[in-house]
1. Being within 22 Å of ALA157 (Cα to Cα), without any contact (Cβ under 8 Å) to a residue 40 or more places away in the chain and more than 12 Å from the chain's Cα centre (by Cα) is true for just one of THR49, THR81, THR103. Which residue is that?
2. Considering only the range 130-164, state which residues are closer than 14 Å to GLY106 by Cα and part of a loop (DSSP other than H, G, I, E, B).
3. Among the β-branched types (Val, Ile, Thr) and modelled with pLDDT under 95 - does that describe any residue in the range 96-111?
4. Go through the range 10-30 and give me each residue that's modelled with pLDDT under 90 and loosely packed, with under 13 Cβ neighbours inside 10 Å.
5. Is there a residue in the range 150-157 that is touching a residue at least 60 places away in the same chain (Cβ under 8 Å) and surrounded by 17 or more Cβ atoms within 10 Å (Cβ to Cβ)?
6. Of the residues LYS6, LYS80, LYS45, LYS63, which is loosely packed, with under 14 Cβ neighbours inside 10 Å and not aromatic (Phe, Trp, Tyr)?
7. Name the one entry in LEU61, LEU92, LEU8 that is touching a Ser or Thr at 6+ places or on another chain (Cβ under 9 Å) and assigned to a helix (DSSP H, G or I).
Amino acid sequence: MSKILKDLQEILLQGQKLSMQGSLDRRMPDKKSVPFFIGARKGLKEYVTLNPTDSTGWRLLSKVEESLLNYPEALSSLQKTIELGGRDKKDLKKIALLKECLTSWGELELTPEQLDSLGDYLEDKLKDYECNHTLSFTKEWIDENMLESKKTRIVKAINGKGGFCDCEVLANVIRD
């Protein structure tokens, strides 16, 4: 592995340590980790552009995209890794998990940035007000930020991820 790739892998690992994410059913990474992930992604995209046949670079890019909840790119990068012969025994399982996450997060109809915004909104509201075991603040944010046609589907998807009140949305959907 080249020194550049090792350095980028180290940046990715630093981000993963700070992210507070589990390996399955990821949530938004902790804000402290995002600059590491963004830096690693930028470097890895440049690297694979210059070294398009390096399967290790594509594998690392897949990991950073997954950490940023960018499942389409994570899946594409992992598939590129396999095409280049960099397949390991866990890859087929990982592809299935990425497809499952892509579907699950797709149902939510919120981008990672919107999810982060909802999290910030709920954190601010719950500092000042106790959770009343409803989705009142979540629905306020949805009303202010989403198209009318999406609102019911988003609430249903939030419920499907274990968000039945504002504090559960924060714990189970956003910051788990």
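1. THR103
2. Once the filter is applied, which keeps residues that are closer than 14 Å to GLY106 by Cα and part of a loop (DSSP other than H, G, I, E, B), the range 130-164 yields only LYS161.
3. Just the residues of the range 96-111 that are among the β-branched types (Val, Ile, Thr), to begin with: 103, 111.
Retained after the next criterion (residues that are modelled with pLDDT under 95): 103, 111.
Yes: one or more hits.
4. First, the residues of the range 10-30 that are modelled with pLDDT under 90: 19-30.
GLY22, SER23, LEU24, listed by residue number.
5. Within the range 150-157, not a single residue is touching a residue at least 60 places away in the same chain (Cβ under 8 Å) and surrounded by 17 or more Cβ atoms within 10 Å (Cβ to Cβ).
6. LYS6 is the lone residue from the list that is loosely packed, with under 14 Cβ neighbours inside 10 Å and not aromatic (Phe, Trp, Tyr).
7. LEU61
Results for (1) over 16 Å from the mean Cα position of the chain (by Cα); (2) at pLDDT 90 or above; (3) more than 30 Å from ALA74 (Cβ to Cβ); (4) not assigned by TED's automatic domain parsing to the domain that holds ASN70, shown as yes or no for each residue.
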position: CYS131; (1), (2), (3), (4): yes, yes, yes, yes
position: PHE137; (1), (2), (3), (4): yes, yes, yes, yes
position: MET146; (1), (2), (3), (4): yes, yes, no, yes
position: LYS156; (1), (2), (3), (4): yes, yes, no, yes
position: GLY162; (1), (2), (3), (4): yes, no, no, yes
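The values are calculated or read from the model by the stated rules, or taken from the named source; none is laboratory data. All of these numbers come straight from a predicted model, not from anything done at the bench. Cβ sites come from the backbone with ideal geometry, for glycine too, and all protein chains shown count toward neighbours.
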